[in-house]
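Participant: Below: one structure in structure tokens.
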Amino acid sequence: LQIVGGEDGAGLDELAEAEAGHESLAHKLSQAILTTGARAKEDETARRMFVLQYVQPGLAGLMDGSVSTLAPLFAAAFATHNTWETFLVGMAASVGAGISMGFAEALSDDGSLTGRGTPWLRGTVCGVMTTIGGLGHTLPYLIPDFYVATVVAILVVVVELAVISWIRTRFMDTPFLQAAFQVVVGGVLVFIAGILIGSS
């Protein structure tokens, strides 16, 4: 009887150990699954915050700086045919647009309702990118030759519009051709307006 009882006791111990092992394995698997899900959720939240705090205001600034400054810059260029005066107009338009867009972004939303983060961070990003967008096609007018400077400025505008289209495709899930079409149409209309006004 003792032998049988001992064998039964050993069998029960083995079953208990096996059950404990199954429970431990199930616990580890559930932790791994939950950790993977939580990690994916955290990554998505971090990406969303990056887009809301940096990409969106930066893209808005870059688009505004690249497009809105085209008209005054090329109007000044074709009105004066003077590269230095054109450069000064472009600088004033770029810096002015950067300050304006920076304050507009910062004051439009304090982040408490939309969760877009601190307004001064977004405002700074927007303002700096607006200025950069305008300076891109302004700096070529440091070249003394008017026609060379204008050709270089136009090439810079093409690059700017391509970069904007790529950013919209990469972060805003907009098809590249659609993004390029939308940006190019706006840019071309403003560019033509500047030339017509400057040449009149």
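The values are calculated or read from the model by the stated rules, or taken from the named source; none is laboratory data. Just so you know, these numbers come straight off a predicted model, no measurement behind them. We place every Cβ from the backbone using ideal geometry, glycine too, and count neighbours over all the protein chains shown. Surface areas here come from the heavy atoms of the whole protein model, side chains and all, with no ligands, DNA or RNA. Shrake-Rupley method; radii C 1.70, N 1.55, O 1.52, S 1.80 Å.
Participant: Taking the stated definitions as given, is Leu121 in contact with a His (Cβ under 8 Å, 6 or more places away or on another chain), touching a residue at least 40 places away in the same chain (Cβ under 8 Å) and either surrounded by 14 or more Cβ atoms within 10 Å (Cβ to Cβ) or not in a helix (DSSP H, G or I) (or both)? Step through it out loud before you land on a result.
Facilitator: Details: in contact with a His (Cβ under 8 Å, 6 or more places away or on another chain): no; touching a residue at least 40 places away in the same chain (Cβ under 8 Å): yes; either surrounded by 14 or more Cβ atoms within 10 Å (Cβ to Cβ) or not in a helix (DSSP H, G or I) (or both): yes.
No; evaluated as a whole, the condition is false for this residue.
Participant: Then there is this: For the stretch 60-78, check the following and say yes or no: at least one residue is of a type in the set (Val, Ile, Thr), crowded, with 17+ Cβ neighbours inside 10 Å and without any contact (Cβ under 8 Å) to a residue 60 or more places away in the chain.
Facilitator: The answer is no, given that none of the residues of the stretch 60-78 is of a type in the set (Val, Ile, Thr), crowded, with 17+ Cβ neighbours inside 10 Å and without any contact (Cβ under 8 Å) to a residue 60 or more places away in the chain.
Participant: Shifting gears a bit: What are the residues in the stretch 144-177 that are in contact with a Gly (Cβ under 6 Å, 6 or more places away or on another chain) and of a type in the set (Phe, Trp, Tyr), if any? Quick ask: steps written out before the conclusion?
Facilitator: Let us first name the residues in the stretch 144-177 that are in contact with a Gly (Cβ under 6 Å, 6 or more places away or on another chain), namely 156, 160-161.
Selection gives nothing.
Participant: Out of all the residues in the stretch 101-109, is one or more open to solvent by less than 20 Å² (accessible area, probe 1.4 Å) and either touching a Leu at 6+ places or on another chain (Cβ under 8 Å) or assigned to a helix (DSSP H, G or I) (or both)?
Facilitator: Looking through the stretch 101-109, at least one residue is open to solvent by less than 20 Å² (accessible area, probe 1.4 Å) and either touching a Leu at 6+ places or on another chain (Cβ under 8 Å) or assigned to a helix (DSSP H, G or I) (or both).
For (1) part of a helix (DSSP H, G or I); (2) at pLDDT below 85; (3) more than 30 Å from Ser165 (Cα to Cα), each residue gets a yes or a no:
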| position | (1), (2), (3) |
| --- | --- |
| Gly5 | yes, yes, yes |
| Ala16 | yes, yes, yes |
| Glu19 | yes, yes, yes |
| Leu34 | yes, yes, yes |
| Arg39 | yes, yes, yes |
| Glu44 | yes, yes, no |
| Met91 | yes, no, no |
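Participant: Might you check whether a residue that is touching a residue at least 12 places away in the same chain (Cβ under 8 Å), outside any helix (DSSP H, G or I) and buried (at least 17 other Cβ atoms within 10 Å of the Cβ) occurs anywhere in the stretch 138-160?
Facilitator: Taking every residue of the stretch 138-160 in turn, at least one turns out to be touching a residue at least 12 places away in the same chain (Cβ under 8 Å), outside any helix (DSSP H, G or I) and buried (at least 17 other Cβ atoms within 10 Å of the Cβ).
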